[in-house]
Structure formats: C-alpha cells, structure tokens
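The values are calculated or read from the model by the stated rules, or taken from the named source; none is laboratory data. Bear in mind the structure is a predicted one, so any value in this text is a computation, not a measurement. Cβ sites come from the backbone with ideal geometry, for glycine too, and all protein chains shown count toward neighbours. The protein model used for the area step is the full one, side chains on, heavy atoms only, and it has no ligands, DNA or RNA in it. Shrake-Rupley method; radii C 1.70, N 1.55, O 1.52, S 1.80 Å.
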Amino acid sequence: MLQKTGEKYLKEGVLPHMWCSGCGIGVMLGALLRSFEELGYAKNEVVVVTGIGCTGKADDYLVTNALHTTHGRALAFATGIKAVRPELKIVALMGDGDSVTIGGNHFIHAARRNIDVTAIVNNNFNYGMTGGQASGTTPGGKLSSTTLYGNPEDDFDISALACTAGANYVARTTIAHGWEMQQLIKEALTKKGFSLVEVLSPCPTNYGKRNKMGEPLDMLRWLRKNCVPSDAYAKLGEAEKEGSFIIGKLCERDKPDFNTRYAEIQEKAMSV
Amino acid sequence: MSKVERKVRLIQGNEAIAAGAVYAGAGFYAGYPITPSSEIMNDAARLMPRVGGIFVQMEDEIGSIAAVVGASLGGAKAFTATSGPGFSLMQENLGVAVMGEVPCVLINVQRSGPSTGLATKPGQADIMQVRWGRHGDQTIIALCPGSVPECFLLTVKAFNLSEKFRVPVVLVTDEVIAHARQNFAIPEPGEIPLVERKSPAGPPEKYRPFDAEEDGVAPLAAYGGEYVFHISSSMHGPDGYSNNNPDNAIWRIKQLHEKIEMHRDEIVMTNTYDTDDMDVLLVACGATTGASRAAALEARRNGIRAGVLHLVTIWPFPDREVKELAGRVKKVVVPEMNYAGQVAGEVQKVIGPDTELTRVNKYNGQIITPRDILEVL
Ligand SMILES: Cc1ncc(C[n+]2csc(CCOP(=O)(O)OP(=O)(O)O)c2C)c(N)n1
Ligand code: SF4
C-alpha cells in the first residue's frame, strides 16, 4: 500500500515553512494531514481553525478551508462554525498558550459543551512566538524569558483539564511518537463530541535552550524517555513520575454532542 | 388600506430587536447575558430553535462574537447582543469580522458607565467606542433606533447592510429604547425585502474571498460548499492567505474603507421633523430623539421654531445632512446622555469650530427629558 503523505492538503510553493529547525509543529501538522488523507477527507469538508502563535501559523500552509483567528479564541470561532455546519470536520490547532492560558475559558467550556470539534494542542511548555515567555503549561521551577529565576507557578495538565471538563475523547502524545500520534489524531477526528489530542513538542529555540535541554535531537530523546504509556507510568517511582507524562488515550466517553442535543431542542421548541 | 390585517400589539424595544432578527432570517445567536440587553438573548433562546436556528449561551462575550463570526462563515445570518462591559470584551473579535469581512449584527444596548457604572440605567457614552473601539484602521456601520418600531426595522436593515457590504453592523440602542413599549405591527413576510450576501459563481479553483467586484465587495462562500477558502485576522491578500507586502496592506486597508465610502449615501439614513421652517436644530439619536421631538413641539407652542434631525445612521456619521440643516438655522442643539458630548463633537467637526453649538449633557443615569432640552431653547 502506498504511504499517505498528506501532501494534497499542503499549499504549493510555501515550503520551506517558517518554523525553527527542530521545532515540533511541522511534525504535528504532518501527522494531521496524513490523518486527513487516511480518513479520506475532502478539502472542502474540513475547516482548520487556528489561533495565534507559532502553531497558529499552520493554516498558511493548508489548502483546506481555514479560519485564522485571535489569540486564545479559536475554539469559540470553531463552535460557531460547527453549530451551523454539523456535517463538517472542524479542527482547532492551537499552542498551549492559545488553548489553555489566554484561551482556557473557551477550552473548558468547549469540552463541557461537548461541541464536535477536534482540538489539537501543540504543547511546547512556553510561548514560542513571542520569545519564550512562561505559559500556563510551563512546569514549576522551569526557566522562561519571564521566569528567569524559575517559575513560581505550577502548570496545567491540559489533558486532565479536558477530561474533567467533559470531553468525549482525550489523548496525549508527542512528536517523538509519530505513528502513535497519527493513530490518536485519527481516533480523535472520528470521535463525535469534543476531542483533544495534546501533542508534547519541542521548542528548541526558547524552552529547550533556556532549560538546557540540549540539541533538538536531545529534546526528542527526552520526549521518548519521559513520556510513557499509563501501565509503564504506574511502575515508576514517585521521583520518576515527577516530570514524566502519560501518553496514549486518557479518557473516552460517548455523551451525545452539542449538535445532537440541540436538534432535540429544536424539535421540542417547534412542537410547543 | 393594506389588504393584510396586521396585528398591532404592545412590544418592547428589545423584543422588537429579536423579532426583527428572526424576520431578517437570522439563524444563529451566541451571547452572554447582561442588563439591559438580556431580553434580546432570552428571546433569541426561545425563537432560534423554533425557526430551525441555533442559540448558544457562550462562556463570555469574547466567545460570543467569535462564535457569531464562525457561524456566519458557515453561512448563517448571525447576531449577538450586549451592553457596556460585554461590548468592551467583544472589540477584538469584532475586529476579526471587519478584517475578514464577515457579515454579522451586534446590538449594543448602552448603559451608564464607566466600568460597571449604573448597570441598569441608560447612557449614550459608547458612541465613540462603537466607531473606534477596535485597534487599527477599520470602519463599520452603526444604526441608532429612536423608537420601538425602529428597533425592529433597523434590525432588519442592519442585517441587510451587513450582508450586502460584508461588514459588521452595530445596532446602538440604549436602556430607554430597549425597555420602552410601543404599539407595533410586525410586518408580514416579504413586506420588507431581505438582502443575502453575494455568493461566488465562478469556478471553485479560481475563487478568492477578497477579490472585490465593482461594487467594492467580494462574494462570500460558506464553509462546506464547493468553494474552499481562507479567512484570516492577519493581513492577507485577495486569496485570504497571510501577506506581508506593504502594497498589499495599502490595497487591503483602502478596500475595507472604500466599500463603505462608495455606498455612503445608501448607508447614511436620517429622519427630519419640522425642519422646513426651523430656526433651531436639535440633533438627536436613540432615546434623545423622542425627547427632542417633544421639546421641539413644545418650543413651537412658545413661538420658537425648532426642528429635529434624527441620526438613524450614526456611523458613518451623517456629516452632509448635519451640515446642510445646521447651515439654515441660528442655533444647533445636541442633547445626549454623556458628559463629553460625543455626538456634539462630531457635529462641531461638521459645522466648524466657529459656529456655536449648544450642548445638553446628562450623565446621572437618567433620561434626558423634553424639559432638559427646553431649558436651552
Ligand atoms: C490578545 C493577544 N495578546 C497577546 C498576543 C501576543 N502573542 C502572540 S502569540 C503569543 C503566545 C503564543 O504561545 P502559544 O499559544 O503557546 O503558541 P506557540 O507560539 O508556542 O506555538 C502571544 C502572547 C496576541 N497576539 N494577542
Ligand atoms: S520559536 Fe519555538 S515554537 Fe516557535 S517555531 Fe521556533 S521552535 Fe517552534
């Protein structure tokens, strides 16, 4: 079987892309586009909604429908599209700052509302685009351009947040786990209701450099070593658990999505 | 006499707006409750599902206007309503609607500020925010109903203008008009023509969402049809993709303004009352319209020939209309419910710094009465 490349969703003549070498965003985008192709999505049945940040630049490379919005608000825009076009596949591509820091309110409410949107979050533990400031996902003690002496605050667990808020599907993966990442993205895309794939991803230019994580390749090794499936995680000692991440599918439910429930509301309203 | 027996009933300003939106074909409302606009939201919640539309109570006003823009790009006529604090929160994403040329209607029921202010009391201090509240070079349309029937009619008009010119339209009302009740018969379907955005017609691979036609406006497809397209809040070329070229920015900014300027006479609407023989001109909008008319009538009884210009369109500002009428009188009076004289400032700009202008400003959260105005006549 021919390998799917996802190239048919890529705009011609825009490569090389703007991301730094060793950045994870392109790898994540590649997995998303291959997923589109494997699922046989037509360009016009997909809307990619982006926020602002290095991750938010992704729509510039795509020939699907796209809406490039404001910092933190991609999910709210996506909600409006999905509400009136239930048949479309809506993907919100966001950074960690976008999705759970400035946009945290929309994030939890999109999950609670169970709107049938797939959120793909590139979690690189800091604000890449604006020069590596701390984000809501920068772990306590870590360095960034605004936590020069160590972060006095703790980080959000993005996946746990989505799961608690009511998402139908939540998975965490990393760009160092290419095949798994793609399988999880595909699962999220086909899952009805709010789905999240949190993709841990290196920002060697900012977060990696400040926290002395070495070359881009070292950051990949770090991801491979510190991100483990839940059974392996359970076997880790308490000290090892600190700074490690569980990857794989983390939460799954089958609650009816917003559109399904709203169709019932319409029926009721029309009958009174 | 009209063949249709219309049912006249007592209707509230906010209620008339929601009814107007349904009449205009709105299929989506997203909002967050705030006094004195909440009745619009409550009505939208009741009415949208009945007409096959969708209502979403969003987590805040930032998300509300975002969802409205998203729904509009999905092909629905979409609207939201808010007041002061919520209107402030909406500014950034209202800018997306300007930049992306996304039709939508936003109702701002003005209340007394600043900040939380007198939350249930009227004000007219958002006139400038409506025009300039968003950062960057941008322009919008704003309409300002002076009565309950106008709440309905101008809501329909707001949707029509928004669809036609691919621009957000703000309906600026105030607590007085919002909660006033007047007799009104909702027009029959078809009585008021409805405007739909231009759809693209050419081959899908050639479609570019910002290729303006001769009328200054580009056709807008809806997500999910055969036309695949990009809409961006970032500076973009005719194809909707990011574009950092300085010449492109010039083209873009000019186009956003020119499509409104080109159609200025169609957009700018005013009403005049007793202006033919007047010596004194009252310039009014929203709640001051009724008070001004009552004051003018009373003044006439006292031998002062006063007339009223109601600025139905507040942005773009009816400069020519103001200038023409102001040029005929000895005295121009601008009553408004704010301290700074936001409307008066615009009027002054039009009539020049040397022509005297009489201002009536009330900012205690109470409505301007005919008596307040009569005092200066
Ligand atoms: C309202 C607003 N505030 C601030 C910014 C500036 N800004 C642009 S991108 C960004 C952070 C991006 O970080 P993240 O979302 O994590 O994405 P990344 O660049 O790491 O992919 C900020 C703060 C903005 N564009 N809008
Ligand atoms: S700054 Fe970081 S997130 Fe942005 S492109 Fe470079 S490596 Fe990627």
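Taking each residue as 0.36 nm, the span from B:THR120 to B:ARG46 lengthens on full extension beyond its C-alpha to C-alpha distance by 24.3 nm.
Within the shell defined by Cβ-Cβ distances under 10 Å, the residues around A:ARG261 carry a net charge of 0, with Lys and Arg each +1 and Asp and Glu each -1. Of interest is the spacing of the C-alpha centroids, which for the range B:5-22 and the range B:330-349 amounts to 31 Å. Residues of the range A:248-267 whose accessible area (probe 1.4 Å, heavy atoms of protein chains only) drops by at least 10 Å² once all protein chains are present, relative to their chain alone: A:PHE258, A:TYR262, A:GLN266.
Could you tally the net charge around A:HIS17, taking each other residue with its Cβ under 15 Å from the Cβ of A:HIS17, Lys/Arg +1 and Asp/Glu -1?
Working: positive: A:LYS11, A:LYS57; negative: A:GLU7, A:GLU12, A:ASP59, A:ASP60.
That works out to -2.
Rounded to the nearest 20 debye, the dipole magnitude of the protein assembly as shown is 560 debye, with +1 charges on Lys and Arg beta carbons, -1 on Asp and Glu beta carbons, and the Cα centre as origin. Considering helices alone, the calculated mean residue ellipticity of chain B at 222 nm is -11000 deg cm²/dmol, with DSSP H runs of length four and up weighted by -39500 (n - 2.57) and normalised per residue.
Label-to-label distance, A:ILE265 versus B:ARG181, with points set 7 angstrom from Cα along the beta-carbon direction: 2.8 nm.
Here the range B:203-246 exposes an accessible surface that is 46 percent carbon and sulfur, computed with a 1.4 Å probe and the other protein chains kept in place.
Leaving out ligands, DNA and RNA, what percent of the accessible area of the range B:269-376 is carbon and sulfur, probe 1.4 Å? Don't jump to the answer; show the numbers that get you there.
Working: 2250 of 4860 Å².
Of all accessible area on the range B:269-376, carbon and sulfur atoms account for 46 percent.
Checking Cβ-Cβ separations below 4.7 Å across chain B identifies B:CYS104, B:CYS151 as cysteines lacking any candidate disulfide partner.
Apply the a/c threshold of 1.5 to the C-alpha gyration tensor of the range B:269-376 and tell me whether it is rounded, prolate or oblate. Verdict is rounded for the range B:269-376. Under 5 Å from the amide H of B:LEU118 lie the amide H atoms of B:SER112, B:GLY113, each residue being 5 or more positions distant or on a separate chain, with H modelled from the backbone and absent for Pro and chain starts. For the range A:199-216, backbone phi angles converted through the Karplus equation (6.51, -1.76, 1.60; θ = phi - 60°) give residue-by-residue couplings of 10, 6, 8, x, 10, x, 5, 10, 4, x, 5, 5, 9, 6, 8, x, 6, x Hz, Gly and Pro being listed as x.
Mean residue ellipticity at 222 nm from the helices of chain A, using -39,500 (n - 2.57) per DSSP H segment of n ≥ 4 over the full residue count, to the nearest 500 deg cm²/dmol? Intermediate values should be presented prior to the final figure.
Values: 9 runs with 90 residues, N = 272.
Value at 222 nm, helices only: -9500 deg cm²/dmol.
With R₀ set to 56 Å, the beta-carbon distance separating B:LYS198 from A:GLU7 gives a calculated FRET efficiency near 0.95.
Taking a probe of 1.4 Å, how large is the accessible area per residue of the range A:17-271, in Å²?
Details: 9710 Å² over 255 residues.
Result: 38 Å² of accessible area for each residue.
With equal scatterers on the alpha carbons only and no solvent term, can you work out the Debye log10 of I(q)/I(0) for the range B:252-330 at 0.11, 0.13, 0.14, 0.26 1/Å? Calculated log10 I(q)/I(0) at the listed q: -0.34, -0.45, -0.50, -1.17. Only protein heavy atoms count here; under a 1.4 Å probe, A:GLU7 has an accessible surface of about 120 Å². The simple spin-label model puts a point 7 Å past each Cα toward its Cβ; for A:LEU217 and B:THR35 those points are separated by 6.7 nm.
Projecting the Cα atoms of A:SER201, A:THR118, B:ALA344 onto the charge dipole of the protein assembly as shown, computed from C-beta unit charges around the Cα centre, puts A:THR118 farthest toward the positive end. Per residue, the convex hull around the alpha carbon atoms of the range A:162-203 comes to 61 Å³. For A:GLU252, the shell of other residues with beta-carbons less than 12 Å away shows a net charge of +3, using +1 for Lys and Arg and -1 for Asp and Glu.
Can you give me the relative contact order of chain B as a percent, contacts being Cα pairs under 8 Å and 6 or more apart?
Working: 845 pairs, mean separation 60.3, N = 377.
Over chain B, the number comes to 16 percent.
Peptide A:110-118 is shielded by partner chain Cβ atoms: per residue, an average of 1 of them sit within 10 Å of its Cβ. Rounded to the nearest 10 square angstrom, A:ASP154 shows an accessible area of 130 square angstrom against a 1.4 Å probe.
Per-residue Karplus couplings for the range B:20-26, computed as 6.51 cos²θ - 1.76 cosθ + 1.60 with θ equal to phi - 60°, are listed in order as x, 5, 5, 4, 6, x, 4 Hz, Gly and Pro entered as x. Placing pseudo-labels 7 Å out from each Cα toward the beta carbon at B:GLU266 and A:TYR149 gives an inter-label distance of 6.3 nm. Across the range A:60-166, the convex hull enclosing all Cα atoms gives 92 Å³ per residue. Dividing the C-alpha radius of gyration of chain A by 2.2 N^0.38 Å, with N its residue count, gives 0.98. When the solvent-accessible area of the range A:70-145 is split by element, carbon and sulfur atoms take up 56 percent of it, the probe being 1.4 Å.
Taking Cα atoms only, the orientation of helix A:178-190 departs from the longest principal axis of chain A by about 20 degrees.
What relative contact order, as a whole-number percentage, does the range B:10-73 give when Cα pairs under 8 Å and 6 or more residues apart are counted? Before the final figure, lay out each step's value.
Numbers: 66 pairs, mean separation 23.8, N = 64.
Relative contact order here is 37 percent.
Comparing each chain alone with all protein chains together (probe 1.4 Å, DNA, RNA and ligands left out), the residues of the range B:38-87 losing at least 50 Å² of accessible area are B:PRO49, B:ARG50, B:ILE54, B:GLU59.
Accessible surface computed residue by residue for the range B:269-376, with neighbouring protein chains in place and a 1.4 Å probe, gives 45 Å² per residue.
The amide H of B:CYS104, built 1.01 Å from its N in the peptide plane, has B:VAL167, B:VAL169 as neighbours under 5 Å, considering only residues 5 or more places off or on other chains.
Short-range pairs are left out: with C-alpha atoms under 8 Å and at least six residues apart, the relative contact order of chain A is 18 percent. Over all Cα atoms in the protein assembly as shown, the spread is summed up by Rg and Dmax: 27.1, 95 Å. A Gaussian network model of chain B, with springs between Cα atoms under 10 Å, assigns the largest mean-square fluctuation among B:ASN361, B:ASN244, B:ASN160 to B:ASN244. With bins 10 Å wide beginning at 0, the percent of Cα pairs of the range A:221-272 falling in each bin runs 20, 28, 13, 15, 15, 9, 0. Over every Cα atom in the range B:229-297, the radius of gyration and the widest Cα-Cα span, Dmax, amount to 21.1, 57 Å.
Measuring with a 1.4 Å probe in the full set of protein chains, what accessible area per residue, in whole Å², belongs to the range B:3-185? Before the final figure, lay out each step's value.
Numbers: 5140 Å² over 183 residues.
Computed with neighbouring chains in place, this is 28 Å² per residue.
When you look at the Cβ of every residue in B:356-369, what mean number of other chain Cβ atoms sits within 10 Å?
Numbers: counts 0, 0, 0, 0, 0, 0, 0, 0, 0, 0, 0, 0, 0, 0.
If you average over the peptide's residues, the count of other-chain Cβ atoms is 0.
Taking Cα centre as origin and charging only the Cβ of basic (Lys, Arg, +1) and acidic (Asp, Glu, -1) residues, the dipole magnitude of the range A:31-188 rounds to 280 debye.
At a Förster distance of 45 Å, what's the computed FRET efficiency of B:ASP215 paired with A:ALA234, Cβ-Cβ distance as r, to 0.05? Let's see the in-between values first.
On the way: r = 65 Å, r/R0 = 1.45.
So, using R0 = 45 Å, E works out to roughly 0.10.
The fraction of all Cα pairs in the range B:3-185 landing in successive 5 Å bins from 0 to the largest distance is 1, 10, 19, 23, 23, 14, 7, 2, 1, 0, 0, given as whole percents.
Nearest 100 Å², what total accessible surface is buried between chain A and chain B (probe 1.4 Å)? Spell out each step's value before the answer.
On the way: alone 12930 and 16040 Å², together 25780 Å².
Summing both chains' loss of accessible area gives about 3200 Å².
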